[in-house]
1. Can you list the lysines whose alpha carbon is less than 21 Å from that of Lys334, not counting same-chain residues fewer than 8 positions off?
2. Counting only heavy atoms of the protein chains, get the accessible area per residue of region 215-268 (1.4 Å probe) and round it to a whole Å² value.
3. Quick one: ranking His190, His152, His214, His336 by accessible area, 1.4 Å probe, largest first, what do you get?
4. First select every other residue whose beta carbon is under 14 angstrom from the beta carbon of Ser187; then total the charges, Lys and Arg +1, Asp and Glu -1.
5. Could you work out the relative contact order of region 314-382? I mean the mean sequence separation of Cα pairs under 8 Å and 6+ apart, divided by the number of residues, in percent.
6. Please give the solvent-accessible surface of Ile279 in Å², to the nearest 10, using a probe radius of 1.4 Å with every protein chain present.
7. Can you compute the modelled spin-label distance between Asn74 and Lys447, with each label point 7 Å from Cα toward Cβ, in nm?
8. If you take the alpha carbon radius of gyration of region 308-362 and divide it by 2.2 N^0.38 Å, what ratio comes out, to two decimals?
Amino acid sequence: MRAETIFILDDENLIRWSLKNKLSKAGYETMEAASLREAASTLKSRDPDLIILDQNLPDGTGVGFLEELRGNGNRVPVVMLTAVDRSNIAVQAMKLGAADYITKPINFDELLAVIEKALEASRVVERLNRLQQEKDVQMEMVGDSPAMVGVHEFIRQVARSKSTTILITGESGTGKEIVARAIHAASDRHEKPLMTVNCNALTETLVESELFGHEKGAFTDAKNLKKGIFELADTGTIFLDEIGDVTQKMQVKLLRVLEQKTFQRVGGYTDITVDIRIIAATNRSLEDLVAEGKFRTDLYYRLNVAQIVMPPLRERGDDIMKISEHFLNVFNAKFHKSFAGLTDDLRAQFMTYPWPGNVRELRNVLERAVLLHDGEILKPEHVELTWPRPDPSNGTAVHTPQGHDLSLSELEKQALVNALEKSGNNQSQAAKLLKITRDTLRYRLKKYGINNH
Ligand SMILES: Nc1ncnc2c1ncn2[C@@H]1O[C@H](COP(=O)(O)OP(=O)(O)OP(=O)(O)O)[C@@H](O)[C@H]1O
Ligand SMILES: [Mg+2]
């Protein structure tokens, strides 16, 4: 962990010197000033984690300084140094939001304990703020590309409507869960619970009692009556994530709930009626699953009353840049970095990369880049993009006999060469084989210095 910095503001050289020595021995970094004027200029260059503040200074008082700090909205913890016979100063300082005070002559062990307590308290506050920010960030939907305007419109309309079933489809990482939360938040159910069920994480036996609850004694472990999610979420919303993975048996049960809004607890005989909105999401094609006989047609029609298809990130144009800047800010703050933007090269790369993992991939790529590197501007060499692996079924598989270079860039290069060979040097066809755009293909060819004429 980074050493915390303590700022000593005292006009007595000897006190500053001894505090500085002892605090660095205790593992803190220190900075110091002997007057208010000096303090003001020191603080411009660096934010301390705590200030030890003397009351009597050559150009003003400690209490006056504290008042000014708080007036500027600075919440840094402050420990006041006061003389034994000046308890009114201590009282004043505490009223102004000092963390604590110490009377002179300084007992160093006491001071250390006070500092540690004050720092711990401010760490807690900071952690809470960060959690809140992370929550806000996760809810935020960045982007206003034409493709997303339709999504926002859909959310607005459907949230207010009476329609109780909503289906969200789209590739992995496109923001289906964010949309589900946005719909709930914009609906008149927003003060009621939103309960998420991950359909592929539930085992067949557990799923029933999780969703519908069970009566006392329904099975060996059922010692008490238990309400299920459908009962607990009454008048609220249930988010059925990964609905495409639900078993045949559960499909029947879900269909019944959707049609009649009633169910029975496991081991029970009474019908329980609930008022819930169901938002189902999947990144699989329900149409394909229906065609393969793996998903019930009647359930599909029940779910598909209002459907939104989330556009893949590569079709959102300039949103890619807006979302990048958003996450750059988020991760700058998280990792104490100061990237101000992306180089033109990197921007071009981002705009042509196919983003198979969509917004989640972009987010992860940026988190990693910001964590691992320092600087003003993010460059291509800071970023690792996983090229979509060539699909063996279309003949562009890369053959790498053992012992050969298996680096990602070498594989990419070979995939490009193979695709060009296969397509008789036709760029459009090669791009199709690799499932990328022609622009991306050209960019990559240039990057690896592959000539194709
Ligand atoms: N428009 C957006 N603006 C900012 N962040 C977004 C946006 N869309 C998605 N995200 C973020 O991307 C990540 C993935 O989003 P989400 O979990 O909603 O995707 P998903 O479609 O449910 O994916 P999967 O199908 O894999 O479950 C989350 O961290 C989310 O906060
Ligand atoms: Mg999801």
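The values are calculated or read from the model by the stated rules, or taken from the named source; none is laboratory data. Being a predicted model, the structure only gives us computed values, none of them experimental. Reconstructed Cβ throughout: ideal geometry from the backbone, glycine too, with neighbour counts over all protein chains shown. Heavy atoms of the whole protein, side chains included, go into the accessibility calculation; ligands, DNA and RNA do not. Shrake-Rupley method; radii C 1.70, N 1.55, O 1.52, S 1.80 Å.
1. Lys135, Lys322, Lys379
2. Each residue of region 215-268 exposes 47 Å² on average to a 1.4 Å probe.
3. His336, His190, His152, His214
4. Spelling it out: positives minus negatives among the neighbours equals +4.
5. Once normalised by length, the contact order is 45 percent.
6. Ignoring ligands and nucleic acids, Ile279 comes out at about 0 Å².
7. Inter-label distance under the simple model: 4.6 nm.
8. Values: Rg = 12.0 Å, N = 55, 2.2 N^0.38 = 10.1 Å.
Scaled against compact globular proteins, the figure is 1.19.
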